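The values are calculated or read from the model by the stated rules, or taken from the named source; none is laboratory data. None of these values were measured; they are calculated from a predicted model. So basically every Cβ, Gly included, is an ideal-geometry build from the backbone, and we count neighbours across all protein chains shown. With ligands, DNA and RNA removed, areas are computed over all heavy atoms of the protein, side chains included. Shrake-Rupley method; radii C 1.70, N 1.55, O 1.52, S 1.80 Å.
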Amino acid sequence: MIPEYLLRALFASIMISVLLGMLSPLINMKGLAFLTHATFHSLLFGAVLGMILGLLVGNLGIIVWVALIVTVIVVITIAEIENRGFTSDTAIGIISSFVAGATVLGFGILYKVTASKPYFALSESIVAYLTGEVFLITISDLEMLIFGGFLLFLLMFLLYRDFLYVSFDPEGVESYGGNVRAYLMILYVIVGAIGALIVKTVGLITLQVVAVLPGAIAMMLSDDLRKIVGISLFLTLSIEILSIFLAYATNIPPSGIATILLGVIYGTLVFRK
């Protein structure tokens, strides 16, 4: 009989695969790899801030929500700076410097707050966000992941073609009356929201790799947009499910296994060219 925690991990992995499999081609086509780096690091600041507030109010359940709010604010700010004429790299660099400093400051405050909370497992909580804890996902976590993931998937599905047009021909979109700024904002928010939703199960250390490489590999294998999305979805799902079973057998974090497998596939394709 399959253990219940393994079933929860499998269901979570399927939802994660659908979200990242759809998102990864957009990240590569729009050139958002650097944005994902800044976005996912803002999740650590949001998690630290959530822990501080959670300890003060006695409710650690707000950590995910605080991380989500912080990340959405960060990506909207980046998009707004970019819309004011700055390059994407410049906008991300400006915000990343503030996020990095705020994270370090947050850790200092968190250690002082936890000094009066001797039973709070600070190190375990931080490690969970860095490496992921898909085998420890609860029913409530799974319900949030499925519900939130479905809403984000639906939004991506409805606007996917528009995101592609904005990625390849923003001037053309504007010439037909499209609002490139609005599409950019929505796409950035989706990236941040998906990151906040799955970071606890995937882990910050490997999240960027798992979000970027499937789409990059798919674009190396095909030039057809539909095939690219299909390959990305299939690859992400296969790697996530395989990593779950390998982690179950070896007691190695599945996020690390998934990253290594994707790296091997990507490296093989690069050296074969």
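Checked against (1) within 17 Å of Gly203 (Cα to Cα); (2) surrounded by 16 or more Cβ atoms within 10 Å (Cβ to Cβ), Trp65 passes all but a single condition, namely (2). Can Met29 be described as more than 22 Å from Ile205 (Cβ to Cβ) and in a helix (DSSP H, G or I)? Spelling it out, Met29 is indeed more than 22 Å from Ile205 (Cβ to Cβ) and in a helix (DSSP H, G or I). A count restricted to the range 216-251 and to residues that are free of Cβ contacts under 8 Å to residues at least 60 places away in the same chain and more than 21 Å from the chain's Cα centre (by Cα) stands at 12.
Tally the residues that are farther than 30 Å from Ser222 by Cα and crowded, with 17+ Cβ neighbours inside 10 Å, restricting the search to the range 28-61. Walk me through how you get there before you give the answer.
So in the range 28-61, the residues farther than 30 Å from Ser222 by Cα come out as 41-61.
Imposing the further condition that a residue be crowded, with 17+ Cβ neighbours inside 10 Å reduces the set to 41-52, 54-55.
Qualifying residue count, the range 28-61: 14.
When Gly85, Gly21 are checked against the criterion of being among the small types (Gly, Ala, Ser) and open to solvent by 40 Å² or more (accessible area, probe 1.4 Å), a single residue qualifies: Gly85. Could you tell me whether the range 1-18 includes any residue that is at pLDDT 85 or above and either in contact with a Cys (Cβ under 9 Å, 6 or more places away or on another chain) or closer than 27 Å to Ser97 by Cα (or both)? No, because not a single residue in the range 1-18 is at pLDDT 85 or above and either in contact with a Cys (Cβ under 9 Å, 6 or more places away or on another chain) or closer than 27 Å to Ser97 by Cα (or both). Filtered by the rule that a residue be under 26 Å from Gly148 (Cα atoms) and not in a helix (DSSP H, G or I), the range 52-99 gives Gly58, Asn59.
On the given criteria, is Gly230 modelled with pLDDT of 85 or more and either assigned to a helix (DSSP H, G or I) or surrounded by 18 or more Cβ atoms within 10 Å (Cβ to Cβ) (or both)?
On the way: modelled with pLDDT of 85 or more: yes; either assigned to a helix (DSSP H, G or I) or surrounded by 18 or more Cβ atoms within 10 Å (Cβ to Cβ) (or both): yes.
It is true that Gly230 is modelled with pLDDT of 85 or more and either assigned to a helix (DSSP H, G or I) or surrounded by 18 or more Cβ atoms within 10 Å (Cβ to Cβ) (or both).
Filter the range 102-119 down to residues that are open to solvent by less than 40 Å² (accessible area, probe 1.4 Å) and either at pLDDT below 85 or not aliphatic (A, V, I, L, M) (or both), then give me how many there are. Outline the logic, then answer.
The initial filter retains those residues of the range 102-119 that are open to solvent by less than 40 Å² (accessible area, probe 1.4 Å), namely 102-103, 106, 108, 110, 113-114.
Then drop every residue that is not either at pLDDT below 85 or not aliphatic (A, V, I, L, M) (or both), which leaves 103, 106, 108, 110, 113-114.
Summing the residues that are open to solvent by less than 40 Å² (accessible area, probe 1.4 Å) and either at pLDDT below 85 or not aliphatic (A, V, I, L, M) (or both) in the range 102-119 gives 6.
The helices (runs of 4 or more DSSP H) falling completely within the range 120-187 that include 1 or more residues that are surrounded by fewer than 14 Cβ atoms within 10 Å (Cβ to Cβ) and at pLDDT 85 or above map to 139-168.
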